[in-house]
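Trainee: If you scroll down you'll find the structure; I have some questions about it.
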Amino acid sequence: MSFLQPVGTIIDLGVNIDHVATLRNARGTSYPDPIRAALLAEQAGADCITLHLREDRRHIKDADVIALAPQLLTRMNLEAAVTQEMIDFACRIKPADVCLVPEKRTEVTTEGGLDVVTHYKAVEAAVKQLQAEGIRVSLFIDADEAQMDATAAIGAPVIELHTGRYADTAGAEQAAELERIKRGALYGVAKGLKVNAGHGLHYTNVQAIAAIAEIAELNIGHAIVGHAVFVGWENAVREMKAIMLATRLGTRA
Ligand SMILES: CC(=O)[C@@H](O)[C@H](O)COP(=O)(O)O
Ligand SMILES: NCC(=O)COP(=O)(O)O
């Protein structure tokens, strides 16, 4: 058990603003402004702002990252692929956190975790370059011990467990995925890693993940943007944070 983090006492919400940009880009307008969404989300309880600068720029643009960085009151978690272009860009921006994620141009959304084992040397070089700029690096991986061993060996201090399969399944398959994530979170903390989680989480599946005491932060975006259509952006953020905290503290939201 790592004593580097207060396991089980806090859980942070990283609000991913990607799909505010998706709505903006649908018509090429200046609204809805992802920067405004990020600043309002902070006021509504977000502990950090996550944004994924994809290689195809389908939602977040370089200009969004550049404009947001100096305005954030909390911290930026910039998600990026392991490419020299993205690593160099991140080193220019110097966000508090960079989360390295896999990307396939043909994917609708992130389909799995980064294969750190297979791409060890490339990931290691990216991690070292980012860490040289004082950036804390997270690796977006499946809840797999070999991937966590490789992450720890490289020296990245944070992992984000991919919860997509948990979100996309039901019944016994989802229960098995949840157990896999629980075991992964325990293993990650035992390796001295900060353990985050994200992808596909929403207002009725987040509870089981937030209840995992070893998880320090959840990154959630698509569901918050969707819920905001009906309850408003700030309320959608507040509601998600309240559910997470109530689950972690064992009270009703
Ligand atoms: C890595 C991750 O799970 C999120 O950043 C997700 O990729 C959101 O962006 P997309 O919806 O474009 O996949
Ligand atoms: N890394 C997960 C993330 O940032 C948000 O994913 P989603 O909630 O949009 O699926």
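The values are calculated or read from the model by the stated rules, or taken from the named source; none is laboratory data. A quick note: this is a predicted structure, and the numbers were derived from the prediction, not measured. Counting neighbours? That spans all protein chains shown, and the Cβs are built from the backbone with ideal geometry, glycine included.
Trainee: Where residues in segment 76-101 are surrounded by fewer than 18 Cβ atoms within 10 Å (Cβ to Cβ) and not β-branched (Val, Ile, Thr), which of them is farthest from His162 (Cα to Cα)?
Mentor: The first filter runs over segment 76-101 and keeps only residues surrounded by fewer than 18 Cβ atoms within 10 Å (Cβ to Cβ), leaving 83-85, 88-89, 91-92, 94, 96.
So of that shortlist, the ones also not β-branched (Val, Ile, Thr) come out as 84-85, 88-89, 91-92, 94, 96.
Working: Gln84: 23, Glu85: 24, Asp88: 25, Phe89: 24, Cys91: 25, Arg92: 27, Lys94: 24, Ala96: 21 Å.
The qualifying residue farthest from His162 (Cα to Cα) is Arg92.
Trainee: I need every pair where a residue in segment 26-43 that is at pLDDT 95 or above has its Cβ under 6 Å from the Cβ of a residue that is assigned to a loop (DSSP other than H, G, I, E, B), sequence separation at least 6 or different chains.
Mentor: Correct list of pairs: Pro34/Ile17; Ala37/Ile17; Ala38/Ile17; Glu42/Leu73; Glu42/Thr74.
Trainee: Next question, about the same structure. Look through Gly184, Gly188 and report the one residue that is in contact with a helix residue (DSSP H, G or I) (Cβ under 6 Å, 6 or more places away or on another chain), outside any strand (DSSP E or B) and away from ligand 1 (no atom under 15 Å from the Cβ).
Mentor: On the way: Gly184 fails: in contact with a helix residue (DSSP H, G or I) (Cβ under 6 Å, 6 or more places away or on another chain).
Within the list Gly184, Gly188, the selection yields Gly188.
Trainee: Let me ask something additional. For the condition more than 24 Å from His162 (Cα to Cα) and in contact with a strand residue (DSSP E or B) (Cβ under 8 Å, 6 or more places away or on another chain), what is the one hit in Asp64, Asp47, Asp33? It would help to see each step written out before you state the result.
Mentor: Values: Asp47 fails: more than 24 Å from His162 (Cα to Cα); Asp33 fails: in contact with a strand residue (DSSP E or B) (Cβ under 8 Å, 6 or more places away or on another chain).
Going through Asp64, Asp47, Asp33 in turn, the sole match is Asp64.
Trainee: Here's another thing I want to ask about it. Could you grab me the full set of residues in segment 13-47 that are charged (D, E, K, R) and crowded, with 18+ Cβ neighbours inside 10 Å? Walk me through how you get there before you give the answer.
Mentor: Of all residues in segment 13-47, those charged (D, E, K, R) come to 18, 24, 27, 33, 36, 42, 47.
Once the filter is applied, which keeps residues that are charged (D, E, K, R) and crowded, with 18+ Cβ neighbours inside 10 Å, segment 13-47 yields Asp18, Arg24, Glu42, Asp47.
Trainee: Would you confirm whether any residue within segment 93-104 is touching a Lys or Arg at 6+ places or on another chain (Cβ under 7 Å) and over 15 Å from Ala156 (Cβ atoms)? Full working, then the answer.
Mentor: Filtering segment 93-104 down to residues touching a Lys or Arg at 6+ places or on another chain (Cβ under 7 Å) leaves 96-97, 103.
Those still in the list that are over 15 Å from Ala156 (Cβ atoms) too: 103.
Looking for residues that are touching a Lys or Arg at 6+ places or on another chain (Cβ under 7 Å) and over 15 Å from Ala156 (Cβ atoms), one finds at least one in segment 93-104, hence yes.
Trainee: Give all pairs with beta carbons closer than 8 Å in which a residue from segment 99-122 that is closer than 23 Å to Arg75 by Cα and free of Cβ contacts under 8 Å to residues at least 40 places away in the same chain meets a residue that is among the hydroxyl-bearing types (Ser, Thr, Tyr) and within 12 Å of ligand 2 (Cβ to nearest atom); count only pairs at least 6 apart in sequence or on separate chains.
Mentor: Pro102/Thr110
Residue-by-condition table, conditions (1) of a type outside the set (Asp, Glu); (2) within 16 Å of ligand 2 (Cβ to nearest atom):
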| position | (1), (2) |
| --- | --- |
| Pro157 | yes, no |
| Ala210 | yes, yes |
| Ala216 | yes, yes |
| Val229 | yes, yes |
| Glu234 | no, no |
| Lys241 | yes, yes |
| Thr247 | yes, no |
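Trainee: Going through segment 211-232 one residue at a time, which ones are under 22 Å from Thr109 (Cα atoms) and either under 18 Å from the mean Cα position of the chain (by Cα) or touching a residue at least 12 places away in the same chain (Cβ under 8 Å) (or both)?
Mentor: Selection gives Glu217, Leu218, Asn219, Ile220, Gly221, His222, Ala223, Ile224, Val225, Gly226, His227.
Trainee: Oh, and also: Tally up the residues in segment 148-168 that are within 16 Å of ligand 1 (Cβ to nearest atom) and farther than 21 Å from Leu78 by Cα, please. Please lay out each step first, then the result.
Mentor: Looking only at segment 148-168, we keep the residues that are within 16 Å of ligand 1 (Cβ to nearest atom), and these are 151, 156, 158-168.
Applying the additional criterion that residues be farther than 21 Å from Leu78 by Cα yields 165-168.
Here the count works out to 4.
Trainee: With the requirement that a residue be farther than 17 Å from Gly200 by Cα and at pLDDT 90 or above, what does segment 101-115 give you? Let's see the steps before the verdict.
Mentor: The initial filter retains those residues of segment 101-115 that are farther than 17 Å from Gly200 by Cα, namely 104-106, 115.
Within segment 101-115, Asp115 is the sole residue that qualifies.
Trainee: Just the residues that are outside any strand (DSSP E or B), more than 21 Å from Ala26 (Cβ to Cβ) and within 17 Å of the chain's Cα centre (by Cα), please, taken from segment 47-68. Steps first, answer last, please.
Mentor: Initially, segment 47-68 is screened for residues outside any strand (DSSP E or B), giving 47, 53-68.
Remaining after also requiring more than 21 Å from Ala26 (Cβ to Cβ): 47, 66.
Scanning segment 47-68 gives a single hit, Asp47.
Trainee: Test of understanding: among Ala246, Ala236, Ala223, Ala228, which residue is in contact with a His (Cβ under 8 Å, 6 or more places away or on another chain), away from ligand 1 (no atom under 15 Å from the Cβ) and assigned to a helix (DSSP H, G or I)? Break it down into steps so the answer makes sense when it comes.
Mentor: Working: Ala246 fails: in contact with a His (Cβ under 8 Å, 6 or more places away or on another chain); Ala223 fails: away from ligand 1 (no atom under 15 Å from the Cβ); Ala228 fails: in contact with a His (Cβ under 8 Å, 6 or more places away or on another chain).
Sole residue among the options that is in contact with a His (Cβ under 8 Å, 6 or more places away or on another chain), away from ligand 1 (no atom under 15 Å from the Cβ) and assigned to a helix (DSSP H, G or I): Ala236.
Trainee: If I ask for residues that are within 16 Å of ligand 1 (Cβ to nearest atom) and part of a loop (DSSP other than H, G, I, E, B), which ones from segment 120-143 would you list? I'd like the intermediate steps shown before the answer.
Mentor: Residues of segment 120-143 within 16 Å of ligand 1 (Cβ to nearest atom): 123, 126, 137-143.
Result: Asp142, Ala143.
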